[in-house]
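S.K.: Could you have a look at this structure, given as structure tokens, before my questions?
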Amino acid sequence: MRITLGVTGGVAAYKAAELVRRLQQEGFSVEVVMTRAACEFIKPLTFAALTGKKVITGLFAESGGEANLESAIEHIAVAQRTDLLLVAPATADTLAKFSRGISDDFLSTLYLATTAPVVVAPAMNVNMWNHPATQENIERLRGRGVHVVSPDEGYLACGMTGAGRLAGQDAIISAVREVFQMRQDLEGQTVLLTAGPTQEDLDPVRFLTNRSSGKMGYAVAEAAARRGAKVILISGPTALESPAGVTRIDVRTAEEMLNAVQKHVAEATTAIFAAAVADYRPAEAAAHKIKKTGGEFALRLEANPDILATIARKKGERLIVGFAAETDKVAENARKKLKEKDADLIVANDVTAAGAGFDVDTNVVTLFARDGRDLALPKLTKREVADRILDEVVRLSASVKHQSAD
Ligand code: C5P
């Protein structure tokens, strides 16, 4: 689990250093983002030494005097790789920015850019905390699902006594744990996933493939692991990093993918087929590089096995989830696929829709469940789509259990 710790400019910033240690002891990987004001209270170097990672202090990190592209889009990269954004201490100013959506520094931009859960631990002067402006901001954030670890009462650095002291580490850690445990609804389950494209060899240097990036499948793998499942990810070639806590098996061809799935499927309670498997492969893969002869060249293809359908034939109580990339008649084709392939859930998307399909970070899908429920989702990040798919998996597996108990 990766936590991004946002440190803002209050006297309590020094306490964040110890918090990093505690989080690490709890098994979290921590990355630190500081506001400019926080750097007045504590040096980024302290956090860099504790985490072994670069500490981000601004939106545009200087590189050789010029802001570079990598730093300009870093907030998106951090937003995507974090499993939880924790801000401790959170100043009145940062809370106000979060509440209003102002994004004029790295942390406030990250807050808007991430879909991970957010925990804030405010710390400030008692009057600032009690001020209606701050209280309104807190309420608005709570209403949006932000977890607030309320400050303790006590002696404050400003000399006053009252509420405003950064909550104790135990309270902050238990809020973090609570967020992660909120959705441990896949605990005890094993999820097997296929993801990415396949490569079908023509000769030792050439192959047929497709535009799948693997992003959707990897997002589901990551979400399933976050929600407590044991995850086996059987992946075609992608440029993606393995999600934390996931066992990844790399394959190239559809045949290798089928073999790997068959080897591991017995232990899976749910199998999710997100891979874009090539429907056809060259009938013969030449042992040597095919020479150019000039003129026409015909390629004979043969059908690949349908991995999903092969597994679904002997599925027992295992839930089978398939994907359908369509360009027209999405609902009709998806329902047909659900039946023909004997799947329990089909995630269908119109790959021609804006914000859907290959290589983008968002997707627009409709979930077609075996029990007749259709769920059309708005444009969401692939990470959010992943959670919605798993919500359906949880719902359907509860009904399977219910039926077998009847
Ligand atoms: O029939 P179609 O290719 O549209 O079905 C897509 C679904 O079937 C996806 O879930 C995909 O991963 C799976 N599939 C498979 N093996 C194939 C072709 C598709 O597992 N050879």
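S.K.: Checking residue 266 against (1) more than 14 Å from the ligand (Cβ to nearest atom); (2) surrounded by 14 or more Cβ atoms within 10 Å (Cβ to Cβ); (3) assigned to a helix (DSSP H, G or I), which single condition isn't satisfied?
M.R.: Condition not satisfied by residue 266: (2).
S.K.: Please go through (1) over 23 Å from residue 229 (Cα atoms); (2) basic (Lys, Arg); (3) in contact (Cβ under 8 Å) with a residue 24 or more places away in the chain for residue 318 and return the number of the only condition it doesn't satisfy.
M.R.: So the condition that residue 318 fails would be (1).
S.K.: Take the conditions within 16 Å of the ligand (Cβ to nearest atom) and buried (at least 23 other Cβ atoms within 10 Å of the Cβ) and apply them to residue 219. Does it pass?
M.R.: Working: within 16 Å of the ligand (Cβ to nearest atom): yes; buried (at least 23 other Cβ atoms within 10 Å of the Cβ): yes.
Judged against the criteria, residue 219 is a match.
S.K.: So, one more: If you take just the strands (runs of 3 or more DSSP E) that sit entirely in region 271-374, which of them hold at least 2 residues that are within 10 Å of the ligand (Cβ to nearest atom) and modelled with pLDDT under 95?
M.R.: 319-326
For every residue, the table says whether it meets (1) assigned by TED's automatic domain parsing to the domain that holds residue 79; (2) closer than 22 Å to residue 311 by Cβ.
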| residue | (1), (2) |
| --- | --- |
| 160 | yes, no |
| 163 | yes, no |
| 197 | no, yes |
| 203 | no, no |
| 206 | no, no |
| 219 | no, yes |
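S.K.: Of the residues that sit in region 222-241 and are in a loop (DSSP other than H, G, I, E, B) and either crowded, with 23+ Cβ neighbours inside 10 Å or in contact with a helix residue (DSSP H, G or I) (Cβ under 8 Å, 6 or more places away or on another chain) (or both), which one is modelled with the lowest pLDDT?
M.R.: Filtering region 222-241 for residues that are in a loop (DSSP other than H, G, I, E, B) and either crowded, with 23+ Cβ neighbours inside 10 Å or in contact with a helix residue (DSSP H, G or I) (Cβ under 8 Å, 6 or more places away or on another chain) (or both), the one modelled with the lowest pLDDT comes out as 227.
S.K.: May I ask you to list the residues in region 371-385 that are aliphatic (A, V, I, L, M) and more than 23 Å from residue 225 (Cα to Cα)?
M.R.: Passing the criteria: 375, 376.
S.K.: When region 287-301 is examined, which residues are found to be touching a residue at least 12 places away in the same chain (Cβ under 8 Å) and loosely packed, with under 10 Cβ neighbours inside 10 Å?
M.R.: Scanning region 287-301 gives 287, 288, 300.
S.K.: Looking at region 322-340, I want the residues that are in contact (Cβ under 8 Å) with a residue 60 or more places away in the chain and have a partner that is buried (at least 19 other Cβ atoms within 10 Å of the Cβ) and of a type outside the set (A, V, I, L, M, F, W, C) with Cβ atoms under 8 Å, at least 6 apart or on another chain. Which pairs are those?
M.R.: These pairs meet every condition: 323/349.
The values are calculated or read from the model by the stated rules, or taken from the named source; none is laboratory data. Please read all numbers here as calculations on a predicted model, not as lab measurements. Backbone-built Cβ (ideal geometry, glycine too); neighbour counts: all protein chains shown.
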